[in-house]
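K.L.:
Encoded as structure tokens, here's the structure I'll be asking about.
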Amino acid sequence: MSVLPPRVRWFLATKGTSAAIVLVVVGLVLLGPVGVAYATPPQTQTVVEASNAQTFETALGTSAVVTGNTTLFADGATLTESPVYLLEATPVVSLAATTTVPSDRPVTVDQRISLVVRAVDGERVFWEETDVLADESAEVTDGTYTTETAFDVAAFRTNRLAEVRSEIGSSGRVEVFVRTESAIDSGRYTDELTVMTPLVVTGDSYEFGDTRNASTTHSTPVERTVTVPREASFSGQLAGGSLLLVAGVAVAFVARRNDFSDLESEMGTHRYGEWISTGTLGTLPADRILVSSLGDLVDVAIDSRKRVVYDPESSVYAVLDAGSVYTYEPPVAESAVPTDGGKTVSVGEATQSDENEPDDAETNSADEAR
């Protein structure tokens with residue numbers, strides 16, 4: 001007994017072959033590109049990668065020791081990276097330029113700290129003065145080099161800055177910068193880094209701007225040939241195509257195994273069960289009315305307010321209505337069917353009945369007449 005529902009088996013029996021063909025075709029369509037892709041040699045492409053990367057960085061640091069008369073800080077205290085320095089408390093500031101380079105090789109570093117004073121009209125610089133505060137060179141082997149110098153801001157404000165401001169007057173504004181420069185040679189790469197840090201000096205304090213560091217990274221481009229990975233969708237196509245192909249073969253196999261006659265009878269019982277009763281029909285009249293389908297026979301029963309009687313022995317459905325007999329016989333599969341005489345005939349072949357065969361008495365009478 002099949003575990004499939006009658007509707008499913010009916011579909012397989014009537015549409016199974018078409019469905020199997022569709023599944024197989026779709027499966028082959030999905031598998032086609034996959035086969036082509038895997039049969040074709042994998043593609044390659046050239047990629048450019050960075051090799052021997054090196055990073056250089058230069059930064060300016062500030063600090064000041066409290067030396068003046070103040071009640072805000074302890075005498076001798078060191079203020080580091082203070083947003084504001086008081087001229088009375090910390091008249092001298094320490095400037096430290098630190099350059100960071102690769103530590104796996106000796107690197108030559110030329111480092112300079114300068115004070116730059118400018119006269120600016122709008123965006124145009126019409127006068128500039130540079131004073132070198134420190135200038136050093138070294139071969140760095142541990143990855144870091146620092147140049148330090150002290151700058152008397154109080155004296156600068158009183159002397160040179162006051163002179164420049166007086167001479168410029170209303171012709172423009174005066175700007176002051178601390179410029180840090182580093183020339184770097186690692187043997188493989190050379191570069192120059194410059195940091196311009198603003199220095200704002202007022203009547204009783206000074207402060208440095210936020211621009212404190214600069215960095216750069218060097219590398220050597222290297223070309224490399226790599227294999228282009230196959231598209232991930234091919235895996236899904238392979239699985240889907242294979243599944244549909246197997247499903248198509250399975251549907252075709254199941255469809256061939258279904259007995260259409262028995263299945264149609266079962267479907268009719270399943271669909272029209274409330275109008276069908278099981279019973280024995282006996283010998284039916286020769287002038288009975290044949291209908292083309294079980295549905296048509298059920299319509300006759302409904303119109304005549306009768307029930308359909310199904311005889312499982314003869315596999316015949318019938319409706320008896322006022323002397324008229326309406327019947328429906330499901331088509332029988334094309335197969336050899338045994339008869340009472342022990343011979344086998346195919347459905348549709350003529351079968352002689354016993355009434356047409358001469359008995360022994362008739363044979364003897366024929367002999368006497370001769």
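K.L.:
Report the dimensions of region 51-224 along its three principal axes from the alpha-carbon atoms, largest first, rounded to Å.
P.N.:
62, 42, 25
K.L.:
May I ask you to sort Phe126, Phe208 by Cβ crowding, counting other Cβ atoms within 10 Å and putting the fewest first?
P.N.:
Working: Phe126 12, Phe208 22.
Neighbour counts put them in this order, fewest first: Phe126, Phe208.
Throughout, read-outs are computed from the coordinates displayed, never taken from laboratory work. These figures come from a predicted structure and were not determined experimentally. No Cβ is skipped: glycine too gets one built from the backbone with ideal geometry, and neighbour counts run over all protein chains shown.
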